[in-house]
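Below is one structure; the comments refer to it alone.
The values are calculated or read from the model by the stated rules, or taken from the named source; none is laboratory data. All figures in this text were calculated on a predicted structure; none of them were measured in a lab. So basically every Cβ, Gly included, is an ideal-geometry build from the backbone, and we count neighbours across all protein chains shown.
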Amino acid sequence: MSSLPLDTHEWVSFADDDHERTWLFDATFLESNWECIFGNGCQGVLTGAAPELVQGCCSYGAHFVDEKDRRRVEKAAKRLTKEQWQFRAKGKNGTTRVKKNGEIVTRLVDDACIFLNRPGFERGPGCALHVMAMDNQESYIPLKPEVCWQLPLRRDDDVQDDGHVITRISQWDRRDWGPGGSEFHWWCTEAPEAFVGKSRVVDSMREELIAMVGETIYEKLLAVLNQRTKAPVGTRIAHPTIRRR
């Protein structure tokens, strides 16, 4: 008998007839105990380990989904105070730019995203937009670039010839960053250090998942995954990163 491939994931799927859509979820990742370890062991996404920089996945700036995504973030940036944002003065000249290939990204300051506060800043390192959300006790989802609040979750919509849509919710792998992803020294969804949370991803990222799929679909997903937990021990496959330990 052949051994189980190390990168095996289990998936759950169900139909959404109201919207001619089939949902496909990476159950293995959603049931894992991954958590963001920004500033607590995250080595960043440069070509070598750089935990001392506390840049996380912000070294190259954020890529916007579309113009609407950019306008939403630029509007939020106008609300930031100098106490919340280290580079507020530089942000007055704009926070985004369009690359030669047409991609819309946040501007870089000192080799990282303009919204990233650095070590030594009074409020500490981290996203200024996230700081504002905490100060105002509001959700950061409407404030941050879409890719930033979703990570490490990823949504892909595949429209079939008949118009039916297959939507996949999965973990964001280094290959999803394009050719540059292979140059990362470290990426969190393949690092055991990040699988130390006290709850499942489906629970800890509830707000993000609802924003991505809607509350009705989230509740259906939760019911399916909760039912899986009642299955006999050993019938569910642990996350590949955990199995490699």
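For the structure I just gave you, tell me whether VAL12 is more than 30 Å from GLN227 (Cα to Cα) and β-branched (Val, Ile, Thr).
Judged against the criteria, VAL12 is not a match.
Scan the range 11-34 for residues that are charged (D, E, K, R), crowded, with 18+ Cβ neighbours inside 10 Å and in a loop (DSSP other than H, G, I, E, B) and the total you get is 1. Residue count for the range 115-157, restricted to those that are of a type in the set (Asp, Glu) and under 20 Å from the mean Cα position of the chain (by Cα): 4. Name the single residue, out of those in the range 101-159 being assigned to a helix (DSSP H, G or I) and in contact with a strand residue (DSSP E or B) (Cβ under 8 Å, 6 or more places away or on another chain), that is nearest to CYS36 (Cα to Cα). This residue is CYS148. Of all residues in the range 93-123, those satisfying the criterion of being over 24 Å from ASP66 (Cβ atoms) and of a type in the set (Lys, Arg) are ARG118, ARG123.
In this structure, is ASP69 closer than 29 Å to ASP157 by Cα and not assigned by TED's automatic domain parsing to the domain that holds HIS130? So ASP69 fails the test. When each of ARG228, ARG236 is tested for being part of a loop (DSSP other than H, G, I, E, B) and farther than 30 Å from GLY48 by Cα, the lone residue that passes is ARG236.
Being buried (at least 18 other Cβ atoms within 10 Å of the Cβ) and touching a helix residue (DSSP H, G or I) at 6+ places or on another chain (Cβ under 7 Å) is the requirement here; does TRP186 meet it?
So TRP186 fails the test.
Are any residues in the range 181-207 part of a helix (DSSP H, G or I) and free of Cβ contacts under 8 Å to residues at least 60 places away in the same chain, and if so, which ones? So that I can check it myself, show each step before the final result.
Filtering the range 181-207 down to residues part of a helix (DSSP H, G or I) leaves 181-183, 188-190, 192-194, 201-204, 206-207.
Selection gives GLY181, SER182, GLU190, PRO192, ASP203, ARG206.
Can you confirm whether the range 202-216 contains a residue that is over 17 Å from the mean Cα position of the chain (by Cα) and modelled with pLDDT under 95? No, the range 202-216 contains no residue that is over 17 Å from the mean Cα position of the chain (by Cα) and modelled with pLDDT under 95.
Going by what's in this entry, would TRP172 be described as surrounded by 13 or more Cβ atoms within 10 Å (Cβ to Cβ) and more than 27 Å from HIS19 (Cα to Cα)? Can you show your working first?
Numbers: surrounded by 13 or more Cβ atoms within 10 Å (Cβ to Cβ): yes; more than 27 Å from HIS19 (Cα to Cα): no.
Taking the combined requirement at face value, the residue does not satisfy it.
Within the range 126-137, residues that are more than 14 Å from THR81 (Cβ to Cβ) sit with their Cβ atoms under 7 Å from residues that are among the aliphatic types (A, V, I, L, M) and outside any helix (DSSP H, G or I), at 6+ positions apart or across chains, in these pairs: CYS127/LEU116. Of the residues screened, ILE210 is one that is within 30 Å of LYS78 (Cβ to Cβ), without any contact (Cβ under 8 Å) to a residue 12 or more places away in the chain and not small (Gly, Ala, Ser).
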